[in-house]
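Notes for the one structure printed next.
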Amino acid sequence: MHEIGVREVVHFAGLTFNWETLCMTWLTMAIVILISWLATRNLKMIPTGWQNVVEILVSWLDTQVSSMMGKRGLFLAPFIMSLFMFLLTSNWLGLIPTLSSPTNDLNTTLGLALLVVVLIHVLGVHMKGGHYIAHFFKPTPVFVIINAIEEIAKPITLSFRLFGNILAGEILIIVLLKLMPPEMEEIPGGREKIAQELSALGPMKTDEKKLLFISVVLLFFWATEKIVHPFDTSSTTIVAVTLMMMPGIGIMTWKEVQERINWGTLLQIGRASCRERVSSPV
């Protein structure tokens with residue numbers, strides 16, 4: 001595990017580089033490029049599989065951008081998506097032991113913040129010309145100093161906020177490991193026991209694969225409610241349970257459902273859901 005505050009640096013052409021940040025940044029870019037390639041390698045006129053998911057995300061992003069910036073701002077959607085994927089991937093890498101997030105380096109966050117702020121000003125001047133510069137002198141010319149300080153503070157506050165969040169998360173993980181160290185480094189015979197249990201389980205059965213697929217799809221619908229689709233969690237859950245019991249597709253029979261489901265608890269949940277629907281404003 002890397003030590004907080006200690007950086008391995010390299011010198012090149014009179015410049016000093018953080019070697020760990022460079023490696024993790026290149027790894028992040030490689031993962032983002034790989035995901036993009038996998039999502040777009042077999043595009044079809046009639047989308048199927050992952051292309052459906054990607055097109056839903058792209059359509060949602062276009063809707064968000066156009067609602068905030070109008071149709072003229074749609075050309076920024078690829079940049080916003082790329083920046084989002086880079087930040088998401090780099091932040092998640094920090095959760096893996098022995099790896100660090102590129103965004104726990106202030107150089108990375110400051111560079112990203114400067115990139116966005118400079119892009120905003122360049123586009124503002126390009127699209128609005130003198131009117132964009134004039135807004136710095138409003139409501140009175142005296143405010144130009146305050147507005148200038150505000151613009152200078154934006155990249156600083158943005159970079160420190162992201163840097164602080166990621167660094168604090170990694171420090172918290174290290175502190176927890178120090179305060180609550182594992183009782184033992186290795187369980188004797190643990191690997192052999194796990195291999196024995198996996199061998200006894202055997203390969204995934206057809207019903208288990210069906211259950212895994214339905215569960216993943218159901219989780220997707222739960223997580224994207226009112227974002228990608230209008231269906232509520234109750235409706236999607238009912239559809240998923242129905243699929244599980246359909247002949248030829250399902251993984252359980254009605255007789256098995258009667259024996260295993262606590263109907264009292266289910267009725268209480270349905271009662272609470274109906275009460276919430278009735279009491280919520282239309």
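The values are calculated or read from the model by the stated rules, or taken from the named source; none is laboratory data. Quantities reported herein were computed from a predicted structural model and do not represent experimental measurements. FYI the Cβ positions are ideal-geometry reconstructions off the backbone, even for glycines, and counts take in every protein chain you see.
The single condition from (1) modelled with pLDDT of 85 or more; (2) of a type in the set (Lys, Arg); (3) more than 29 Å from the chain's Cα centre (by Cα) that residue 161 fails is (3).
Pairs are defined by a Cβ separation below 7 Å, a sequence spacing of at least 6 or placement on different chains, a first member in segment 166-181 that is over 11 Å from residue 94 (Cα atoms), and a second member that is among the hydrophobic types (A, V, I, L, M, F, W, C); the pairs so defined are 174/1; 174/4.
Exactly one residue out of 173, 120, 152 is under 30 Å from residue 86 (Cβ atoms), among the aliphatic types (A, V, I, L, M), at pLDDT below 80 and part of a helix (DSSP H, G or I), and it is 173. Would you check which residues across segment 98-149 are of a type in the set (Phe, Trp, Tyr) and free of Cβ contacts under 8 Å to residues at least 12 places away in the same chain and list them? Residues satisfying the conditions are 132, 137, 143. The single condition among (1) in a loop (DSSP other than H, G, I, E, B); (2) of a type in the set (A, V, I, L, M); (3) over 20 Å from residue 168 (Cβ atoms) that residue 99 does not satisfy is (3).
Under the condition of being among the acidic types (Asp, Glu) and more than 22 Å from residue 254 (Cα to Cα), the residues counted in segment 199-241 number 2. State whether one or more residues within segment 94-105 are charged (D, E, K, R) and more than 27 Å from residue 151 (Cβ to Cβ). Taking every residue of segment 94-105 in turn, none turns out to be charged (D, E, K, R) and more than 27 Å from residue 151 (Cβ to Cβ). Considering only residues in segment 50-70 that are hydroxyl-bearing (Ser, Thr, Tyr) and over 23 Å from residue 37 (Cβ atoms), the one that is surrounded by the fewest Cβ atoms within 10 Å (Cβ to Cβ) turns out to be 67. Checking each residue in segment 185-227 for being of a type in the set (D, E, K, R) and exposed (fewer than 11 other Cβ atoms within 10 Å of the Cβ) picks out 185, 186, 191, 192, 197, 226.
Identify the residue in segment 123-151 that is among the aliphatic types (A, V, I, L, M), under 34 Å from the mean Cα position of the chain (by Cα) and surrounded by 11 or more Cβ atoms within 10 Å (Cβ to Cβ) and, among all such residues, is nearest to residue 90 (Cα to Cα). Result: 123.
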